[in-house]
1. Can you confirm whether H53 is in a helix (DSSP H, G or I), free of Cβ contacts under 8 Å to residues at least 60 places away in the same chain and surrounded by 19 or more Cβ atoms within 10 Å (Cβ to Cβ)?
2. Could you check region 154-173 and list, in sequence order, the residues that are of a type in the set (S, T, N, Q), free of Cβ contacts under 8 Å to residues at least 12 places away in the same chain and surrounded by 12 or more Cβ atoms within 10 Å (Cβ to Cβ)?
3. Checking the condition under 25 Å from V33 (Cβ atoms), surrounded by 14 or more Cβ atoms within 10 Å (Cβ to Cβ) and at pLDDT 95 or above, which residue from V177, V129, V151 passes?
4. Across region 73-110, which residue is modelled with the lowest pLDDT among those that are surrounded by 14 or more Cβ atoms within 10 Å (Cβ to Cβ) and polar (S, T, N, Q)?
5. Pick from region 1-18 the residues that are in a helix (DSSP H, G or I) and over 24 Å from V81 (Cβ atoms): which of them is least open to solvent (accessible area, probe 1.4 Å)?
6. Give me the residue from region 165-183 that is more than 18 Å from A61 (Cβ to Cβ) and basic (K, R) and, out of that set, farthest from the chain's Cα centre (by Cα).
7. Inside region 111-121, can you point out the residues that are open to solvent by less than 50 Å² (accessible area, probe 1.4 Å) and either hydroxyl-bearing (S, T, Y) or in contact with a strand residue (DSSP E or B) (Cβ under 8 Å, 6 or more places away or on another chain) (or both)?
8. Which residues, counting only those in region 19-44, are surrounded by fewer than 15 Cβ atoms within 10 Å (Cβ to Cβ), assigned to a loop (DSSP other than H, G, I, E, B) and at pLDDT 95 or above?
Amino acid sequence: MDVGLFGGSFNPPHVAHQVIANVVRDQFAMDEVWWIPNAQPPHKPDRELALAHHRLAMTRAATDDDPAFRVSDIEIRRDGVSYTVDTVRALQEEHPTVRFALIIGSDSLDSFASWHRPDEIASRVPIIVYKRPGPIESVAPPRFANHVRFVAAPVMEISGTEVRQRREAGRSIRYFVPEPVRRYIEANDLYIASE
């Protein structure tokens, strides 16, 4: 079985995430894409991060109606900072017959060399990169070039930051996030301006 690992804060999961996961699965003929919300991302401050159980629930809501999508809570169950290399190791040990690939954005590729144990990640799984909005700031070191494949996914100008800002400003987030996610955000009063 071929599986794409799609990690992120999913703060919240939005329609661009769904498009990317679907295009990657289709273009690389994957059986499934496993969405992996992280508990504490090493590269992001946590001041705007919804609690992990909310992000896990929203990710499940965003993927429930697609049988090719699964959600893993492996990083949320792990205490402390979530390192991709630990997740890849654990999943390969748990599922030895599955061929995994790692799905990341072009902004993450820019900083990939600074990740925890990037050479081990690249030796364990191919890296599938989708273009994020904005310029590519730098190029990954040549030693990773043979491990990287690019996906022809549309560049969508939607980000979790924009969704949170719209919500905080009292503006609609309809069509920015899947409808079940929008309902969850509203029911749980997420991303509203604090008094």
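1. Values: in a helix (DSSP H, G or I): yes; free of Cβ contacts under 8 Å to residues at least 60 places away in the same chain: yes; surrounded by 19 or more Cβ atoms within 10 Å (Cβ to Cβ): no.
No.
2. Matches in region 154-173: Q165 only.
3. Values: V129 fails: at pLDDT 95 or above; V151 fails: at pLDDT 95 or above.
Among V177, V129, V151, only V177 is under 25 Å from V33 (Cβ atoms), surrounded by 14 or more Cβ atoms within 10 Å (Cβ to Cβ) and at pLDDT 95 or above.
4. Top of the filtered list is S82.
5. As a first pass, look at region 1-18 and keep what is in a helix (DSSP H, G or I): 15-18.
Filter once more, keeping what is over 24 Å from V81 (Cβ atoms): 15-16, 18.
Details: V15: 30, A16: 4, Q18: 47 Å².
Out of the qualifying residues, it is A16.
6. It comes out as R171.
7. Applying the first criterion (open to solvent by less than 50 Å² (accessible area, probe 1.4 Å)) to region 111-121 yields 111-113, 115, 118, 120-121.
Passing the criteria: S111, F112, I121.
8. A29, D31
The values are calculated or read from the model by the stated rules, or taken from the named source; none is laboratory data. On a predicted model such as this, the values are computed, not experimentally measured, just so you know. All Cβ positions, glycine included, derive from the backbone under ideal geometry; neighbour counts span all protein chains shown. To get the accessible areas, we keep the full protein, side chains included, count just its heavy atoms, and leave off ligands, DNA and RNA. Shrake-Rupley method; radii C 1.70, N 1.55, O 1.52, S 1.80 Å.
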